[in-house]
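Data block below; observations after.
The values are calculated or read from the model by the stated rules, or taken from the named source; none is laboratory data. As the structure is a computational prediction, the values presented were derived from the model and not from experiment. Here the Cβ positions follow ideal geometry from the backbone for every residue, glycine too, while neighbour counts run over all protein chains shown. Surface accessibility is based on the protein's heavy atoms, side chains included, excluding ligands, DNA and RNA. Shrake-Rupley method; radii C 1.70, N 1.55, O 1.52, S 1.80 Å.
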Amino acid sequence: MPEYFVYLIYRAGFALIGLLPLRVSFALGNGLGFCAWLVLGKYRRLGFRNIEIAFGREKSPQEMRHLVRRHFQRLGANLLSGLKLASMPLEKARAKVRIENADAAHRELRSGRPIVFILSHIGNWELQAQMFPAAIGYVRNSTIYQPLKNRYIDKHVRSLRGRAGVELFDRNEGFQKAIELLRGGGAIGILADQHAGDQGLWVPFFGKLASTTSLPALLARRTGAAVLGTAIYSESPGRWRMSFTDRIDAPGDSVEALTAKANDLIAAQTRRAPEDGFWLHNRWKTPRPNFLLARYKRGVYVPKNLTLKQLQPFRILIRSSNWLGDAVMSAPAVRAIKKGRPDAHVTILAPEKIAPIWKLVSEVDEILSLPNKSLVSAVRLIGRQESFDVAILFPNRGLASSEKSRLSRTCSRLAPKSNRPRTAPAGPARTSRDALSENRGRLRRGRRSSGRCEAGVVGNIARPRSKIARTLPRRRIWTSQALVTGAFCRGGSRGFGTIQSQMDLVRS
């Protein structure tokens with residue numbers, strides 16, 4: 001029932017927008033986008049962070065802030081205009097779009113070669129389904145889509161996308177139909193500019209590793225299809241331009257090389273009109289729990305023309321143990337962390353008295369020395385650094401009973417009554433294999449970090465939790481240093497990255 005109620009609201013809005021002139025819809029969307037920019041601080045910060053990754057070396061902070069505002073306005077204008085165009089007759093809607101460089105697609109199709117189109121959320125991307133039959137209607141056109149959660153809205157959106165004759169293949173039903181269409185000489189468009197999660201291939205996008213779908217490359221390799229790109233840019237209020245690119249694949253290209261070329265293509269398209277790009281999606285999402293990429297199915301690929309030093313670094317902050325012996329035993333874990341990501345930049349935060357020992361570990365890129373035990377000085381020291389992508393805490397094996405009690409009381413004042421931690425007893429924390437295995441099992445059932453700065457101790461490794469100072473298994477304790485360290489991690493879910501245990505790292 002709630003789904004249908006939302007659907008009725010959607011259809012009412014769709015009908016209302018259909019009554020407005022196209023230019024009025026564009027102007028109204030522009031205004032609504034500006035209001036969204038004022039109100040939606042979370043997405044405003046996400047947009048700025050994404051633009052900073054893409055253009056931080058080219059634009060000033062003021063230029064990037066202006067670009068975020070223009071993007072909100074352009075996104076609102078294109079979304080409302082897309083609804084208006086969907087309610088218009090196909091001929092009138094297509095008259096609002098100018099097609100550019102369609103000969104690049106005609107050459108391949110007329111030679112009998114199928115095409116895989118790289119699509120992206122640039123400009124008025126919903127127009128793609130209406131424009132492909134107009135540009136290359138003499139072959140079968142198709143696309144692969146992800147069903148919407150609301151089945152009523154999903155049915156309506158699919159009917160709008162398919163009204164021009166584009167065939168829609170449900171991603172959840174496999175790709176056999178798409179392969180058959182390509183082998184028959186057709187064309188298929190695939191959106192390839194979103195975070196692909198655990199199944200993606202990690203390749204550079206604007207110089208920073210991002211999980212990317214390899215589906216276009218896999219289909220092209222299996223069917224012998226050519227790989228081209230297309231995007232729809234905003235030219236003026238109520239006018240757009242559909243631009244085809246030349247073929248980007250070459251004979252002998254691997255799946256990894258083609259996927260990297262697809263990212264380069266989307267980056268080049270975005271640079272042509274940055275405000276038309278889609279910056280409100282966390283494209284460079286930090287994977288949790290396995291932010292070290294060695295365990296991912298498809299792994300990492302860096303093109304030969306790009307060195308590791310040219311990649312934007314994945315900045316890891318490691319809080320060292322206070323004791324010399326524990327710091328020395330942590331060195332293998334640090335080496336494993338560095339090995340787990342080719343783009344890792346490891347910074348060690350250590351007390352001044354043991355900081356020199358970390359200079360002997362070649363995998364450490366930077367060392368921050370804590371002059372004293374003051375929490376304020378630690379905050380100032382970390383705050384002066386560039387933001388970190390993830391932080392790891394290497395706590396001491398045991399603390400004095402009075403120190404544990406003090407830290408426990410400090411965290412209890414920060415936490416809600418229902419989540420206050422138990423005071424840990426004196427003596428060293430358990431580090432046996434049984435204890436580590438037990439804790440890992442419990443933590444797998446725990447929830448992910450929800451955007452607060454928190455961490456709990458598992459063996460000698462920090463672990464994120466869903467609330468500040470939420471209790472971990474017995475004999476584990478929250479520390480104020482963990483909260484401070486997590487506060488300087490970038491991204492929408494600030495906190496600690498996850499590693500199961502030092503023992504697992506050393507084995508890997």
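Inspection of the stretch 45-66 identifies no residue that is under 23 Å from the mean Cα position of the chain (by Cα), more than 18 Å from residue 274 (Cβ to Cβ) and either among the aromatic types (Phe, Trp, Tyr) or open to solvent by less than 70 Å² (accessible area, probe 1.4 Å) (or both). Residue 92 meets the conditions (1) in contact (Cβ under 8 Å) with a residue 12 or more places away in the chain; (2) open to solvent by 70 Å² or more (accessible area, probe 1.4 Å); (3) assigned to a helix (DSSP H, G or I) in every case but one. The failed one is (1). Residue 353 satisfies every condition listed in (1) modelled with pLDDT under 85; (2) surrounded by fewer than 14 Cβ atoms within 10 Å (Cβ to Cβ) except (1).
Condition test on residue 124, is it out of contact with any Asp or Glu (no Cβ under 6 Å at 6 or more places or on another chain) and either open to solvent by 50 Å² or more (accessible area, probe 1.4 Å) or touching a residue at least 40 places away in the same chain (Cβ under 8 Å) (or both)? Here the answer is yes, as residue 124 does meet what is asked.
When residue 348 is tested against (1) part of a helix (DSSP H, G or I); (2) free of Cβ contacts under 8 Å to residues at least 40 places away in the same chain; (3) β-branched (Val, Ile, Thr), just one condition goes unmet, and that condition is (1).
Quick one: is residue 226 over 25 Å from the mean Cα position of the chain (by Cα), open to solvent by less than 20 Å² (accessible area, probe 1.4 Å) and more than 23 Å from residue 79 (Cα to Cα)? Judged against the criteria, residue 226 is a match.
Quick check on the stretch 240-271: of everything there that is at pLDDT below 95 and out of contact with any helix residue (DSSP H, G or I) (no Cβ under 9 Å at 6 or more places or on another chain), which residue is farthest from residue 106 (Cα to Cα)? Looking at residues that are at pLDDT below 95 and out of contact with any helix residue (DSSP H, G or I) (no Cβ under 9 Å at 6 or more places or on another chain), I get 252. Inspect all residues belonging to the stretch 107-115 and state whether any of them is among the polar types (S, T, N, Q), farther than 23 Å from residue 33 by Cβ and modelled with pLDDT of 90 or more. Checked the stretch 107-115: at least one residue is among the polar types (S, T, N, Q), farther than 23 Å from residue 33 by Cβ and modelled with pLDDT of 90 or more. Do the conditions hold for residue 164, that is, is it among the hydrophobic types (A, V, I, L, M, F, W, C), more than 13 Å from the chain's Cα centre (by Cα) and surrounded by fewer than 19 Cβ atoms within 10 Å (Cβ to Cβ)? Yes.
What are the residues in the stretch 112-134 that are part of a strand (DSSP E or B) and farther than 16 Å from residue 83 by Cβ, if any? 115, 116, 117, 118, 119, listed by residue number. If you scan the stretch 353-387, which residues turn out to be under 21 Å from residue 337 (Cβ atoms) and among the hydroxyl-bearing types (Ser, Thr, Tyr)? Matches in the stretch 353-387: 362, 369, 387. Here the condition is being farther than 21 Å from residue 64 by Cβ and open to solvent by less than 10 Å² (accessible area, probe 1.4 Å); of 277, 325, 238, it holds for 238 alone. Residues that are charged (D, E, K, R) and more than 13 Å from residue 30 (Cα to Cα) were ranked within the stretch 67-91; the one that is nearest to the chain's Cα centre (by Cα) is 84.
Just a yes or no: is a residue in the stretch 295-315 among the hydrophobic types (A, V, I, L, M, F, W, C) and buried (at least 21 other Cβ atoms within 10 Å of the Cβ)? Yes, the conditions are met somewhere in the stretch 295-315.
Between 262, 333, 267, 250, the distinction of being assigned to a helix (DSSP H, G or I) and either within 20 Å of residue 368 (Cβ to Cβ) or open to solvent by 20 Å² or more (accessible area, probe 1.4 Å) (or both) belongs to 333 only. Residues in the stretch 146-157 that are part of a helix (DSSP H, G or I) and either in contact with a strand residue (DSSP E or B) (Cβ under 6 Å, 6 or more places away or on another chain) or not charged (D, E, K, R) (or both): 152, 153, 156, 157. The set of residues from the stretch 343-366 being of a type in the set (A, V, I, L, M), farther than 28 Å from residue 206 by Cα and touching a strand residue (DSSP E or B) at 6+ places or on another chain (Cβ under 7 Å) comprises 349, 350, 355. Residues in the stretch 26-41 that are within 22 Å of residue 233 (Cα to Cα) and among the aliphatic types (A, V, I, L, M): 4 in all.
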